[in-house]
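Encoded as structure tokens, here's the structure I'll be asking about.
The values are calculated or read from the model by the stated rules, or taken from the named source; none is laboratory data. Being a predicted model, the structure only gives us computed values, none of them experimental. Note that we place each Cβ from the backbone using ideal geometry, even for glycine, and neighbour counts take in every protein chain shown.
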Amino acid sequence: WGAVMSTGVVCTLYCTLGGLKAVVWTDVFQVGIMLAGLLAVIVQSVLLQGGISTIISDSAQGRRLNLWDFDPNPLRRHTFWSITVGGTFLWTSVYGIINQAQVQRYISCKSMFHAKMALYINLVCLWAISICSVFCGLCLYSFYKNCDPWTARKVSALDQLMPYLVLDILSEYPGVPGLFVAAAYSGTLRFVLLQSPPALAAVTIADLIRPYLSLSEKQLSWASKGMSLFYGAVCIRMAGVASLIIPAAISIAGVVGGPLLGLFSLGILFPCANAKGGLAGLISGLALSLWVCIRAQIYPPRPENSRPLALVTHGCNFSGSTNWTANRGKSRKVGLPFLADNWYSLSYLYFGPMGTVTVITVGLVVSKVSGSAGKFDLVQELDNSFGKTNFAFCDVERSTQTPA
């Protein structure tokens, strides 16, 4: 609780006093820390293993570099198509208009050009962190390919594998293991305490306070700071039950992102959509996504769909070899329902696309049945072929006007 309280209080105070500017500059600093921690692990691993080629060769022999799996089966957890399609929907929801924390950053830029440049710079940094993270995983496998610490019960959880490697190869360098801890800590902070309170405060002010109370800009500023303090305190309190909330939150984030993306896409791309269609589509998309996600947790997929690779311990001090799927995998229940081996086994990467398609489909059907929203004004600059196609599909009356 000491670490939780100290971290929460410091983050809440500088988010409240410094505002978005403090959050953004803290993000920049933390990205540097994350890259430094990952690079420290990579450089030391490459030196100890005798070069990058050794790590790549070990990973290839262990079937850890199967990049071109074009199996279209949606039940397979990780294939080229599931990662490409599911990843596209995931990152569109993260960096698109449904993420208030990101929109808050976009509108804080001086111009559209600055907002685009910020996204391009973010893309480069994201690629760098992703590549370094993947290569750290390859280094981890190369080191322990003959003696897996998790199978050998040297660690009690998968999350402890990378810290175990860091202590194994960097413990003789004072401060360097702490750098990796700071890197992991930075990655956690910038997605939790540094984004949630300011974003929630902005939404509260814009949707719940400004429309109903006549306050001056100074009063709204103080109200925003008060909301940031309140939401920061809520985050600190939630940390007490984080072990129960975080796994559920990670799953629900993907489930909710797809339907929200579908709702915004429905409103932007199809002018015939109305409020009834949007509400019906959103409820249907959320219900379907949550249903499949929850049932997938109750009835885990078959091993042939998740395809866990064998991890051995014959290189450890004790003899014998242990298979990960045999001792650590989830056992399947007897008497499974019919949908357990098909619908409930859908790759979690398709939860987002499923929710998006459901919202758009149901929303269009309900909108057509209940009656379209009527006549629309279309700005001439936006009168492109895609817009014409959607107006023709929706069969609504259109008037064209020039930009104001």
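Being part of a loop (DSSP other than H, G, I, E, B) and touching a Gly at 6+ places or on another chain (Cβ under 8 Å) is the filter here, so list the residues in the range 104-147 that pass it.
LYS145, ASN146, CYS147
In the set SER82, SER111, which member is within 25 Å of LEU261 (Cα to Cα) and touching a residue at least 60 places away in the same chain (Cβ under 8 Å)?
Going through SER82, SER111 in turn, the sole match is SER82.
Please state which one of SER130, SER93, SER82, SER59 is exposed (fewer than 15 other Cβ atoms within 10 Å of the Cβ) and polar (S, T, N, Q).
One residue alone meets the criteria, SER130.
Need pairs with beta-carbon distance below 6 Å; first residue basic (Lys, Arg) and within the range 207-231, second crowded, with 16+ Cβ neighbours inside 10 Å; sequence gap 6+ or separate chains.
LYS225/THR16
Got a number for residues in the range 29-49 being more than 15 Å from LEU189 (Cα to Cα) and without any contact (Cβ under 8 Å) to a residue 24 or more places away in the chain?
2
Shifting gears a bit: Here is a list: LEU90, LEU158. Which entry is more than 30 Å from ILE205 (Cα to Cα), in the same structural domain as GLY315 (by TED's automatic domain parsing) and either among the aliphatic types (A, V, I, L, M) or in contact with a His (Cβ under 7 Å, 6 or more places away or on another chain) (or both)?
One residue alone meets the criteria, LEU158.
Considering (1) at pLDDT below 75; (2) crowded, with 17+ Cβ neighbours inside 10 Å, say which one ALA183 fails and leave the rest.
(1)
Give me the residue from the range 99-119 that is at pLDDT 80 or above and aliphatic (A, V, I, L, M) and, out of that set, farthest from the chain's Cα centre (by Cα).
The residue in question is MET112.
Among the listed residues ALA22, ALA101, which satisfies the condition of being in contact (Cβ under 8 Å) with a residue 24 or more places away in the chain, of a type in the set (A, V, I, L, M) and assigned to a helix (DSSP H, G or I)?
ALA101 is the lone residue from the list that is in contact (Cβ under 8 Å) with a residue 24 or more places away in the chain, of a type in the set (A, V, I, L, M) and assigned to a helix (DSSP H, G or I).
Checking the structure you have, find out if any residue of the range 266-279 is assigned by TED's automatic domain parsing to the domain that holds GLY363, touching a Pro at 6+ places or on another chain (Cβ under 6 Å), touching a residue at least 12 places away in the same chain (Cβ under 8 Å) and of a type in the set (A, V, I, L, M, F, W, C).
no
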